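**Student:** Input: one structure, supplied below.
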Amino acid sequence: MADVDIKDSPFDESPIVPNLLPGDTEISFRCHKDIKCFNACCSNIDITLTPYDIIRLKNRLDMSSSEFLNEYTVPFEFDKDSIAGVKFKPVENGTACQFMVDEGCSVYEDRPTSCRYYPVGLVSMRKSDEYNDTASYALVEEEHCLGHQEDRKLTIDEYRDEQGVDVYDEMSRGWRQLILKKKSSGATIGKPSLKSRQLFFMTMYDVDRFRTFVASVGFQDSFDVDEERMAKMLTDDVELMLFGYDFMKQVLFAEETIPLKEGVKAQRVKEEKEKIEEKQRAAEAVYSPDFEPTDI
Ligand code: SF4
Ligand code: SF4
């Protein structure tokens, strides 16, 4: 099963038919247990997980997000030295999904976005407006998938509806937008620091660890989050995930999405000023007008 979600150009190294299709496009497709290729798509996987996919799966499996990441995923970078994503880790020494069983998918009700969409791919494109993306679709036609030869016609919108992807798309919109913005602003804003990348990883994928961070004294002393929202975040994974999207806008793009507490802002400004002055002093030392090459 090929992964077909976020790309500026979705067609490199992918089996997607290179056409952007609107939702009312009619396709011919049916997947069922008696089809000859049953489970073929889950035997060779390349599936990127969204933050919401991880929450659904780790809760279904009654694990912490750290345990889930450790056991079922591998990290990858969207671009070199940039923010990371996570993919499903296949079975040991193989390419099949760890959740595939003879009867099909053992986590079917909570299967990830890419599995729901297949054989349709979501193609998110960022428009000039920095956060608003537009969605089009592409059709993935892999040789092993015989579902395309079945006699059932429906539109992409009907297929999305049947597969219940709407809530998944809605829940991962903030994550997709962060990635698209980061990808397209790379050279302007520069590579994120290691600390920002680590924060992104924890905030997006390791929600239980992010909760510990948000509950820490350091965080509570720095950010001004109203009590009701904070109480919800500390008990509700999805609320915390949505807050995480805002938090990362602040970390990656310096947007003031979460107000700082009184005094903290002034302290940050003071620290920034001191850093700039220190750099100036260092530069002045290098460019000394008294310097004579003969002094060497
Ligand atoms: S999660 Fe389920 S549908 Fe997705 S690849 Fe694994 S077995 Fe297949
Ligand atoms: S029809 Fe396609 S999606 Fe369904 S089991 Fe076969 S390969 Fe997988």
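The values are calculated or read from the model by the stated rules, or taken from the named source; none is laboratory data. Note that this is a predicted model, so its numbers are computed, not measured. Neighbour counts run over all protein chains shown; Cβ positions are idealised from the backbone, glycine included.
**Student:** Applying the selection to the stretch 39-56, what residues are within 11 Å of ligand 1 (Cβ to nearest atom) and either assigned to a loop (DSSP other than H, G, I, E, B) or of a type in the set (Gly, Ala, Ser) (or both)?
**Tutor:** Hits for the stretch 39-56 are Asn39, Ala40, Ser43, Asn44, Ile45, Asp46, Ile47.
**Student:** Does any residue in the stretch 220-234 that is farther than 18 Å from Glu256 by Cβ come within less than 7 Å, Cβ to Cβ, of a residue that is of a type in the set (Gly, Ala, Ser) and outside any loop (DSSP other than H, G, I, E, B) six or more places away or on a different chain, and which pairs are these?
**Tutor:** Leu234/Ala215
**Student:** Only one of Gly85, Gly121 is away from ligand 2 (no atom under 16 Å from the Cβ) and part of a strand (DSSP E or B). Can you tell me which?
**Tutor:** Gly85
**Student:** Can you spot a residue in the stretch 67-74 that is among the aliphatic types (A, V, I, L, M) and part of a helix (DSSP H, G or I)?
**Tutor:** Yes, the stretch 67-74 has at least one match.
**Student:** Now, a different point. Considering only the stretch 197-219, I want to know if a residue exists there that is farther than 30 Å from Asp62 by Cβ, polar (S, T, N, Q) and assigned to a helix (DSSP H, G or I).
**Tutor:** no
**Student:** Looking at the stretch 63-107 only, could you name the residues that are modelled with pLDDT of 95 or more and of a type in the set (Val, Ile, Thr)?
**Tutor:** Thr73, Val74, Val86, Val91, Thr95, Val101, Val107
**Student:** Kindly list the number of the only condition in (1) more than 23 Å from Ile83 (Cβ to Cβ); (2) outside any helix (DSSP H, G or I) that fails for Ile258.
**Tutor:** (1)
**Student:** Given Lys249, Lys261, which one is surrounded by fewer than 17 Cβ atoms within 10 Å (Cβ to Cβ) and touching a residue at least 24 places away in the same chain (Cβ under 8 Å)?
**Tutor:** Lys261 is the lone residue from the list that is surrounded by fewer than 17 Cβ atoms within 10 Å (Cβ to Cβ) and touching a residue at least 24 places away in the same chain (Cβ under 8 Å).
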